[in-house]
Amino acid sequence: MKKNIALVMGGYSGEHDISIASGNQVYGQLDHTKYNVYKIVVDRAGWYWMADDGRHDVDRNDFTVTDGGKKVQFDLAFIIVHGNPGENGVLQGYFDTLGIRYTTCGYYTSALTFHKGYCNPVVASFGIVKVAKSVLLYKVPSDIGHTPLPELRYPLFVKPAAGGSSVATTKVKSPEQLMPAIELAFTEDRQVLVEECINGREFDCGVFFNGKEKLVFPITEIIPKGGHEFFDYEAKYQGFSAEVTPAECDEKISKHIQDVSARLYDLLGCDGIVRFDYIYDTYAEELYFLEVNTIPGQSAESIVPKQARAMGITPAELYEMSIQAALRR
């Protein structure tokens, strides 16, 4: 009997459209002879099944849809919601309550890793990779005025503490640029991370435990271009970056990044397909952790599918492994 798969996409954040693109890419790669795949869109206006004949409401009491007069219950949720509520653990907790398996990390790991201000100290405590010095701000005006920001060295990165795709992220080079950057970040989140900029090369590494073995993908180097100084939203999604996979770097550096990523995957309690982002300080020859993406992009040009292809794994094979691993968990 064919399994019913809910391909959950959309979300409440500025990454909504990116999630839809990822979801459509995954939908086209799944084996529809084995699975009944339903595109479920999570939207603030309501959750719905995006069917060929239009939109149909999702019953959020039990996460079901009605198809041809019959109630459809799902065997698995393939979560591809970037940002809130998919990457921060909210959907995972909901599915745990309903007893529905899913393809991502659990709710606790998702919530921890999504919040950079909370995750960074935990990663630093492992002692296997460096973390840049930072200050976490809360949306209380008096806190902004009294936080000892002068202790941080410019340039700085100002970003929402819980967010992705570099939405509302700014590179700040002088004190007069700081407050506008903080105010912009506060439009996305009630907590903002102000972090020292580490100069160097940016590398990403995907990791996935397929239920039998841990796959550590070839690393990618991100090289912004067209006047972009870092991997911001435009660089990510509008072609203003070169993404070299496998990265052209010393094998020792590549192996170190892969080893650290494999250990972080275990230490943070990850499941599913995860991507770790780093800066390698070429002057000091030290690796700095940037963030964890527990639901990385899966569009045709996204980093993890490229890494998988470099390893000889097609997107269809990757997603099939993801489904099977989740069904076994």
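The values are calculated or read from the model by the stated rules, or taken from the named source; none is laboratory data. A quick note: this is a predicted structure, and the numbers were derived from the prediction, not measured. No Cβ is skipped: glycine too gets one built from the backbone with ideal geometry, and neighbour counts run over all protein chains shown. Please note that ligands, DNA and RNA were not included when accessible areas were found on the heavy atoms of the full protein model with its side chains. Shrake-Rupley method; radii C 1.70, N 1.55, O 1.52, S 1.80 Å.
If you plug the beta carbon distance of ASP43 and GLN324 into 1/(1 + (r/R0)^6) with R0 = 30 Å, you get a FRET efficiency near 0.55. Spatially, region 96-119 and region 1-51 are offset by 19 Å when compared through their Cα centroids.
Among the GluC sites (Glu not before Pro) in region 196-227, those placed in a DSSP loop whose Cβ has at most 13 other Cβ atoms within 10 Å are GLU213. Once backbone amide H atoms are built at 1.01 Å from N, ASN36 has LYS3, ASN4, ILE5 as its partners under 5 Å, excluding neighbours fewer than 5 places away on the same chain. With the simple spin-label model, which puts each label point 7 Å out from Cα in the Cβ direction, the CYS249 to LYS139 separation comes to 3.5 nm.
Seen from LYS214, the other residues with C-beta closer than 13 Å to its C-beta sum to a net charge of -2, counting Lys and Arg as +1 and Asp and Glu as -1.
In terms of distances greater than 32 angstrom between alpha carbons, the cross-link table entries LYS225/LYS255; LYS39/LYS214; LYS70/LYS116; LYS214/LYS252; LYS3/LYS214 yield LYS70/LYS116. In order along region 52-67, the phi-based Karplus estimate (6.51 cos²θ - 1.76 cosθ + 1.60, θ = phi - 60°) of 3J(HN,Hα) comes to 5, 9, x, 9, 10, 5, 9, 7, 6, 5, 9, 6, 10, 10, 10, 10 Hz; Gly and Pro are listed as x. Estimated at 0.36 nm per residue, the fully extended path between ALA284 and LEU267 surpasses their Cα-Cα distance by 3.6 nm.
For GLN73 and ARG153, compute 0.36 nm times the residue count separating them, minus their Cα-Cα distance, and round to one decimal in nm.
Working: separation 80, 0.36 × 80 = 28.80 nm, distance 5.35 nm.
Working it through step by step, the gained length comes to 23.5 nm.
Of the accessible area of the chain, computed with a 1.4 Å probe over protein heavy atoms only, carbon and sulfur atoms account for 50 percent.
Rank-order 176-182, 317-323 by packing density, defined as the average count of other C-beta atoms within 10 Å over each peptide's residues, highest first. Display every interim value, and only then the final one.
Working: 176-182: 15.1, 317-323: 20.7.
Ranked by mean Cβ neighbours within 10 Å, highest first: 317-323, 176-182.
Above 25 Å lies some portion of the pair distances; for the chain, what is it as a whole percent of all C-alpha pairs?
Values: 27305 of 53956 pairs.
Of all Cα-Cα distances in the chain, 51 percent exceed 25 Å.
The charge dipole of the chain, taken about its Cα centre with unit charges on the Cβ atoms of Lys, Arg (+1), Asp and Glu (-1) only, comes to about 720 debye. The loop-placed trypsin sites (Lys or Arg not before Pro) in region 13-95, going by DSSP, that have at most 12 neighbouring Cβ atoms within 10 Å of their Cβ come out as LYS34, ARG44, ARG60.
Once C-alpha pairs closer than 8 Å and six or more residues apart are averaged by separation and normalised to the residue number of region 1-88, the relative contact order reads 41 percent.
Distance between the 7 Å Cα→Cβ label points at ASP17 and THR314: 3.1 nm.
If you add up the charges near ALA300, with Lys and Arg at +1 and Asp and Glu at -1, over every other residue whose beta carbon is less than 11 angstrom from its beta carbon, what do you get? Intermediate values should be presented prior to the final figure.
Numbers: positive: LYS306, ARG309; negative: GLU301.
Residues close to ALA300 contribute a combined charge of +1.
When each full DSSP H helix of the chain is screened for a Cα extent of at least 18 Å along its own axis and an average Kyte-Doolittle hydropathy of at least -0.5, the helices passing are 16-29, 315-328.
Using alpha carbon centroids, what distance separates region 274-321 and region 241-262, in Å? One Cα centre to the other: 10 Å.
Quick one: net charge around ALA132, please, counting Lys, Arg +1 and Asp, Glu -1 for every other residue with C-beta under 14 Å from its C-beta.
Values: positive: LYS116, LYS130, LYS133, ARG153, LYS159, LYS171; negative: GLU151, GLU195, GLU196, GLU202, ASP277, ASP281, GLU286, GLU291.
Net local charge, ALA132 excluded: -2.
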